[in-house]
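Throughout, read-outs are computed from the coordinates displayed, never taken from laboratory work. Remember, it's a predicted structure, so these values are computed and weren't measured experimentally. Reconstructed Cβ throughout: ideal geometry from the backbone, glycine too, with neighbour counts over all protein chains shown.
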Amino acid sequence: MKTEKFVKEGSIVRKIWEKSDTILLIFAGASAEFALNKAVDWLYFTGKLPKDPLGRLFSTVSYARSIVFAEKQEAYQTIDLINQIHSAVESKRGTNIPD
C-alpha cells in the first residue's frame, strides 16, 4: 500500500527543495532580511544562530526537507516537533514568535 506524501510528487515545492543552489539563494535572501526586520530577534534568543550560523542553516534545511519529502504522518511529526521547540522558546522569552 502506497502512503500519501505530504507534498505531492512533481510539486514546485519539491523542485525548489531538491536543489541546493535554490535553497542557498533563498537562505541568502532571508539572511539579508535579518538586519531589516526586528521580528526575527527571536532567532537570536537561544544564542544558537550567532554561535553556529552554518549549523543552523543545515538544521533548518534538514527540517524542511524532512517535511517536504516525507509521508504525511512523518511530516506532521516533524511539524509537531518544531512547534514544541518554538513553544519552549516562546515560554522562555515570555512572548510569542511573530507570524
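Under a plain spin-label model, where a point goes 7 Å from the Cα along Cα-to-Cβ, how far apart in nm are residue 79 and residue 60?
Reported label-point gap for residue 79 and residue 60 is 2.0 nm.
Suppose a student asked you for the relative contact order of segment 12-93, using Cα pairs under 8 Å spaced at least 6 residues apart; what percent would you report? Mind showing how you got there, number by number?
Numbers: 29 pairs, mean separation 22.9, N = 82.
Worked out over segment 12-93, it gives 28 percent.
What residue among 36, 17, 85 has its Cα farthest toward the positive end of the dipole of segment 15-99, where the charges are +1 on Lys, Arg and -1 on Asp, Glu, each on the Cβ?
Of the candidates, 36 comes out farthest on the positive side.
Show me 80-91, 55-66 ranked by packing, highest mean number of other Cβ atoms within 10 Å first.
55-66, 80-91
Work out from phi, with θ = phi - 60° and the Karplus expression 6.51 cos²θ - 1.76 cosθ + 1.60, the ³J(HN,Hα) of each residue of segment 89-97, listed in order in whole Hz, and give x for Gly and Pro.
Computed from phi, the couplings for segment 89-97 are 5, 4, 5, 5, 6, x, 8, 6, 6 Hz.
Only residues of segment 58-81 count here: report those whose backbone N is under 17 Å from the spot 7 Å along Cα→Cβ of residue 15, or say none.
Flagged as within label range: 69.
What's log10 of I(q)/I(0) for the chain at q = 0.14, 0.19, 0.22, 0.23 Å⁻¹, Debye sum over Cα points only, no solvent?
-0.65, -1.10, -1.30, -1.33
Sort 92, 48, 5 by Cβ crowding within 10 Å, fewest neighbours at the top. Please report the intermediate quantities before stating the final value.
Values: 92 10, 48 13, 5 16.
Ranked by crowding around the Cβ, least crowded first: 92, 48, 5.
Summing -39500 (n - 2.57) over the DSSP H runs of n ≥ 4 in the chain and dividing by its residue number, what mean residue ellipticity at 222 nm do you reach, to the nearest 500 deg cm²/dmol?
-20000 deg cm²/dmol
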